[in-house]
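The values are calculated or read from the model by the stated rules, or taken from the named source; none is laboratory data. What you see is a predicted model, and the numbers here were worked out from it, not measured in a lab. Ideal geometry is used to build each Cβ from the backbone, glycine not excepted, and the neighbour counts take in all protein chains shown. All accessible areas refer to the heavy atoms of the entire protein, side chains included, with ligands and DNA or RNA removed. Shrake-Rupley method; radii C 1.70, N 1.55, O 1.52, S 1.80 Å.
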Amino acid sequence: MIPKQLYYLLLVLAIGLISLQLSTGIWLFILKYGLSPSEVFTYFFGNEELFIMKKSFEGLLETAVPHFMAISLTIFVYAHFLLFTKIISQKQKQFIIFGLFFFASVDIFSPFLIIYGFEIFAWFKVIAFWSFEILMAGLLYILFLVALRARIASSSASVS
Amino acid sequence: MKFLVSKSLRANPNFVLLLGFYSFLLLFYFTGDLFYFTYFFGESPDAVISTLKGNEEEFLEPLSLLSLLEHFHISLFLAIMALFTSMAIVLRLNLKRTHKKIIIILSMSSLLLGSLALLATYFLAQFFVYIFFYGTIIWHLVGVYALLLTLIELFLNQHDS
């Protein structure tokens, strides 16, 4: 028998931890690439006047490969809780799950096209990154609400 | 987690084998990561301060914010996944409720507070290094303890969970 209250306590603590992880991801993004698409383009494509080297394909792989695994695993672990909730509709669940994987893919693949001079992908990367973060924050907020409601329900049931 | 489909750890021999090897290898993560932690940051709170802020006497450069964040980002992800899955197994162990609660709260909140304390040590005050240093040791040790309990229940205890 799994104690429901402990289960939701674990979920709340895990939401806190992954929120911290997402925050450091945002911090790193701003620190490394900057906020605007032009800064992102310069970071990857390089700029001779600013003495910024163009990033190599192998260098991009070093970042992209672990991110494919880490982001997929994070979405899978946290989004699978959605399957057991009725707080949002099936369509909304599908939108969140599809959106998370789609934006994560665009975010990770974009630098490979930026280094070949496709400036538009700097825009795609910025939009995809922030969309992913907003969707992930939304997912965590929904899970937090689910955990909170279930904890309140189970504690009031144990009192009565 | 919910995808640990069975509520009983010993319901299926394949599940026992799977969880057994998972717990066994994860033990190496928790112990190995503790050694890596002392290698990267140092073996005492003072050594952690030297790594973060630099030390002129020992000709140590301060750790750059980018290096700190990159280390933090990677190690926190690994720790979350290792602890979260270990604690999902703990929920299914045949232990008293209070015992499980202490394991979960102690490990997960030590990781959370320890991680925040690392940033606080870098930006705010050196005092936070003690929370970071001892918090990190606590979550590693509790992780090892939880996995040892899992292995004992899977392979040594004969009664069902």
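List of remarks:
- Per residue Cα convex hull volume in Å³ - calculated over region A:5-88: 123
- The alpha-carbon of A:Lys54 sits under 27 angstrom from the alpha-carbons of these lysines, leaving out residues fewer than 8 places away in its chain: A:Lys32, A:Lys125.
- Peptide A:72-85 - average C-beta neighbours from other chains (10 Å radius): 2
- Mean accessible surface per residue for region B:14-155, computed with a 1.4 Å probe while every protein chain stays in place, in Å²: 49
- At R0 = 30 Å, FRET efficiency that the Cβ-Cβ distance of B:Leu141 and A:Ala153 yields, to 0.05: 0.30
- Mean separation of Cα contacts under 8 Å (6+ apart) over length of region B:14-155, as relative contact order %: 33
- In this Cβ point-charge picture (+1 for Lys and Arg, -1 for Asp and Glu), the protein assembly as shown has a dipole of about 2160 debye about its Cα centre.
- For the peptides B:78-86, A:117-125, the ranking by packing is B:78-86, A:117-125, with the highest mean count of neighbouring Cβ atoms within 10 Å listed first.
- Here the relative contact order of region A:62-139, from alpha carbon pairs under 8 Å that lie six or more residues apart, stands at 31 percent.
- Assuming charge only on the beta carbon of Lys and Arg (+1) and of Asp and Glu (-1), the dipole of region B:14-155 about its Cα centre is about 1020 debye to the nearest 20.
- Quotient of the Cα radius of gyration of the protein assembly as shown and 2.2 N^0.38 Å, N being its number of residues: 1.10.
- Farthest positive-ward along the protein assembly as shown dipole, Cα basis, beta-carbon charges - from A:His67, B:Leu106, A:Ile88: A:Ile88
- In terms of packing, defined here as the mean over residues of other Cβ atoms within 10 angstrom, the peptides A:15-21, B:19-25 line up highest first as A:15-21, B:19-25.
- Separation between Cα centres of region B:47-80 and region A:114-128, rounded to whole Å: 31
- Paramagnetic reach from A:Phe95 (point 7 Å along Cα→Cβ, amide N under 17 Å) across region A:120-145: A:131-143
- Peptide B:65-77 shows a mean partner chain C-beta count of 4 within 10 Å per residue C-beta.
- Using Cβ point charges alone (K and R +1, D and E -1), the dipole size of chain A about the Cα centre works out to roughly 960 debye.
- Straightening the chain between A:Ile134 and A:Lys54 buys 25.8 nm, computed as 0.36 nm per residue apart minus the Cα-Cα spacing.
- Applying 1/(1 + (r/R0)^6) with R0 = 35 Å to the Cβ-Cβ distance of A:Ile120 and B:Glu57 gives a FRET efficiency near 0.10.
- 10 Å Cβ neighbours from other chains, averaged over peptide A:28-40: 1
- In chain B, Rg over Rh equals 1.06, where Rg is the alpha-carbon radius of gyration and Rh the Kirkwood radius from pairwise Cα distances.
- Working ranking of peptides A:47-53, B:114-120 by packing, defined as the average number of other Cβ atoms within 10 Å per residue, highest first, is B:114-120, A:47-53.
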